[in-house]
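Inspection log for the structure reproduced underneath, given as structure tokens.
The values are calculated or read from the model by the stated rules, or taken from the named source; none is laboratory data. Computed from a predicted model, the values in this text were never measured in an experiment. Positions of Cβ are generated from backbone atoms using ideal geometry, with glycine treated the same way; all protein chains shown enter the neighbour counts. Heads up: the accessible areas ignore ligands, DNA and RNA and are worked out on the full protein's heavy atoms, side chains in. Shrake-Rupley method; radii C 1.70, N 1.55, O 1.52, S 1.80 Å.
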Amino acid sequence: MLNGKHIVLGITGGIAAYKSVVLLRLLVKNGAEVQVVMTPNACEFVRPLTFSTLSGKPVITQFFSANSGEWHSHVDLGIWADLFVIAPATASTIGKMANGIADNMLVTTYLSAKEDVMIAPAMDLDMWRHPSTQRNIDCLKKDGVIVIQPDAGELASGLSGKGRMAEPEIILREIKEYFRRKETLKGIKALVTAGPTYEKLDPVRFIGNYSSGKMGFEIADELHRRGAEVTLISGPVSVKPYSDEINLIGVESAREMYREALKCFPDADLAVFAAAVADYAPEKISELKIKRENEEELEIKLVRNPDIAAELGKRKTSRQITVGFALETHNEKENALKKLKSKNLDWIVLNSLQDPEAGFMKETNKVTIWNKENSKFPFEAKSKREVASDIIDVISQSLEKSGSIVG
Ligand code: PMT
């Protein structure tokens, strides 16, 4: 299952470091190649020799080797690894990771990591529930770090509560699940639209909307994380995809987005329309800045933009799946189901501006998804990354049915 996988195992200074010996053993037994990186404090709990013997590689504890003076490249480690697992992750290391304090090899490696990062926190119950730790954990989750929740039980302090590092077998299961998910959309070509469109009025003004692009970019990222080949067509935004393997096409107006989407769609197995596309654009774009005149009113004639989702819905073949979003302020369900039908979508994702945690610019979203058969999948408010994951879990069923996912 883990054959050929390169894993960097980071070990920090907590008593749970003894469990990392078992974790390393399990990883190696399952075929992974493991490079251990320890903080200086971790070496006080378990000797590096134990880990180097089990991994078959010298353990990295310092920026450079004390004997040879050889520099350990955290950048090369980041390129080599398929996954970086930090177990145990102490409150101190979690705090340093959240704040970019790179005063040891482990946190420096974290800051250079190209691969995903998973942490298994371990600490006393009061440290775990301290607002500072929880703030740092939230911050790491937002940065995309996967957190394996600690267990509740007897702690090294003699107290009992939440804070014990998850058992090595549980961490191994999470690692295997991570790699399994990464392969689930292998071979799938996905097209995602994201962000707002800007409809020009003159050289300095446009009609636009509040979309930040976050939701669409999270969907593109998640599809890529699961192995899909992703093209992301986005209006003007400041967010970036997490991987440069995502083919990002930047556009400004709805018409430009439409043209690019038409070009990419024939190749796609899946298209997700998360963009907030302007339905209308000014009929004429003034070459010069429109001047303030004496009249009290200024009339601008708007003309309809093409509907990307609806047009691609017409062109789609039985192999292709399309997913639309509905951003509503009222009659939410009715409007969403109308769009599902009229745009010939396979799935519609409703987010309502009535929900304080949903919609534009926010870090969170709250969605309900319907398919053509009228099955409903409601979700709680979550981070947009988690929402993206839920959406893709649900629509993967269609990809399996359409034969796009083999096996
Ligand atoms: O970008 P964020 O700040 O993270 O916010 C995310 C979001 C709220 C923009 C996103 O979750 C969302 O709801 N996107 C769709 C917004 C929208 O335009 O909805 P709509 O109900 O007007 O359009 C319905 C569907 O048709 C959408 O999939 C839309 O992309 C598509 N459409 C609409 C008009 C058009 N001309 N072409 C289209 O493809």
Original post:
Counting only heavy atoms of protein chains, what accessible area per residue, in Å², does segment 216-277 have with a probe of 1.4 Å?
Top reply: 41 Å²
Original post:
Antiparallel as a % of all DSSP beta bridges within the chain, to the nearest 5?
Top reply: 35 percent
Original post:
Rounded to the nearest 0.05, what FRET efficiency do Gln134 and Leu353 have when you use their Cβ-Cβ distance and R0 = 25 Å?
Top reply: 0.30
Subject >> Extension gain, Asn294 back to Lys240 (0.36 nm per residue minus Cα-Cα distance, nm) >> reply: 15.1 nm
Subject >> Expected-Rg normalisation [2.2 N^0.38 Å, Cα atoms] applied to the chain >> reply: 1.15
**OP:** Could you tell me which of Thr231, Ala254, Ala281 has its Cα farthest along the dipole of segment 202-282 towards the positive end, charges placed at Cβ (Lys, Arg +1; Asp, Glu -1), taken about the Cα centre?
**Re:** Ala281
**OP:** Could you size up the charge dipole of segment 185-293 around its Cα centre, putting +1 on the beta carbon of Lys and Arg and -1 on that of Asp and Glu, and report it in debye to the nearest 20?
**Re:** 220 debye
Original post:
Can you give me the Cα centroid spacing of segment 290-344 and segment 2-35 in angstrom?
Top reply: 50 Å
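Only four residue types carry charge here, +1 at the Cβ of Lys and Arg and -1 at the Cβ of Asp and Glu. Report the dipole size of segment 131-208 about the Cα centre in Debye, rounded to the nearest 20.
320 debye
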**OP:** Specify which residue in the list Leu327, Ser342, Asn371 is farthest towards the positive end of the charge dipole of segment 322-384, using unit charges on the beta carbon of Lys, Arg (+1) and Asp, Glu (-1), about the Cα centre.
**Re:** Ser342
**OP:** Give, rounded to the nearest 20 debye, the magnitude of the charge dipole that the chain has about its Cα centre when Lys and Arg contribute +1 at Cβ and Asp and Glu contribute -1 at Cβ.
**Re:** 760 debye
Subject >> Rounded Å value of the spacing that divides the Cα centres of segment 108-126 and segment 376-399 >> reply: 25 Å
Original post:
Which of the aspartates and glutamates could a cross-linker span from Lys338 if the Cα-Cα distance has to be under 19 Å and same-chain partners fewer than 8 positions apart are dropped?
Top reply: Asp279, Asp307, Glu311, Glu328, Asp346, Glu373
**OP:** With everything on Cα atoms, drop me the angle between helix 214-225 and the longest principal axis of the chain, reported from 0 to 90° to the nearest 10.
**Re:** 50 degrees
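Could you state the accessible area per residue of segment 285-407 in Å², with a 1.4 Å probe and every protein chain left in place?
62 Å²
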**OP:** Quick one: check the C-alpha center-to-center distance for segment 185-219 versus segment 41-64, whole angstrom.
**Re:** 47 Å
**OP:** Report the antiparallel proportion of the DSSP beta bridges in segment 148-291 as a percent, rounded to a multiple of 5.
**Re:** 30 percent
Original post:
Working out 0.36 nm times the residue gap between Thr329 and Leu49, then minus their Cα-Cα distance, what length gain in nm do you get to one decimal?
Top reply: 94.6 nm
Original post:
Given the pairs Lys142/Lys343; Lys186/Lys240; Lys214/Lys341; Lys141/Lys263, which span a C-alpha to C-alpha distance of over 31 angstrom in this model?
Top reply: Lys142/Lys343; Lys141/Lys263
Original post:
Quick one: net charge of Asp267's neighbours, Cβ under 10 Å, K/R +1, D/E -1?
Top reply: 0
Original post:
Where the accessible area of segment 1-155 is counted over protein heavy atoms with a 1.4 Å probe, how much of it, in %, is carbon and sulfur?
Top reply: 52 percent
Subject >> lysines with Cα under 18 Å of Lys284, excluding same-chain neighbours fewer than 8 positions away >> reply: Lys200, Lys301
Original post:
How much of the accessible area of segment 193-324, probe 1.4 Å, is carbon plus sulfur, in whole percent?
Top reply: 47 percent
Original post:
Rolling a 1.4 angstrom probe over the protein heavy atoms, how many square angstrom per residue are accessible across segment 81-191?
Top reply: 43 Å²
Original post:
In whole angstrom, and with the biggest value first, how far do the Cα coordinates of segment 175-266 range along each principal axis?
Top reply: 54, 26, 17
Original post:
How large is the convex hull of the Cα atoms of segment 103-205 per residue, expressed in Å³ as a whole number?
Top reply: 210 Å³
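Net charge near Ala91: determine it from the other residues with C-beta under 12 Å of the C-beta of Ala91, scoring Lys and Arg +1 and Asp and Glu -1.
Counting the neighbours of Ala91, the net charge comes to +1.
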Subject >> Antiparallel bridge percentage (DSSP; both residues within segment 1-156; nearest 5) >> reply: 5 percent
Subject >> Nearest 10 degrees, 0 to 90: helix 384-401 Cα axis against the chain principal axis >> reply: 80 degrees
Original post:
Taking only Cα atoms, what is the 0 to 90° angle, nearest 10, from helix 254-264's long axis to the longest principal axis of the chain?
Top reply: 60 degrees
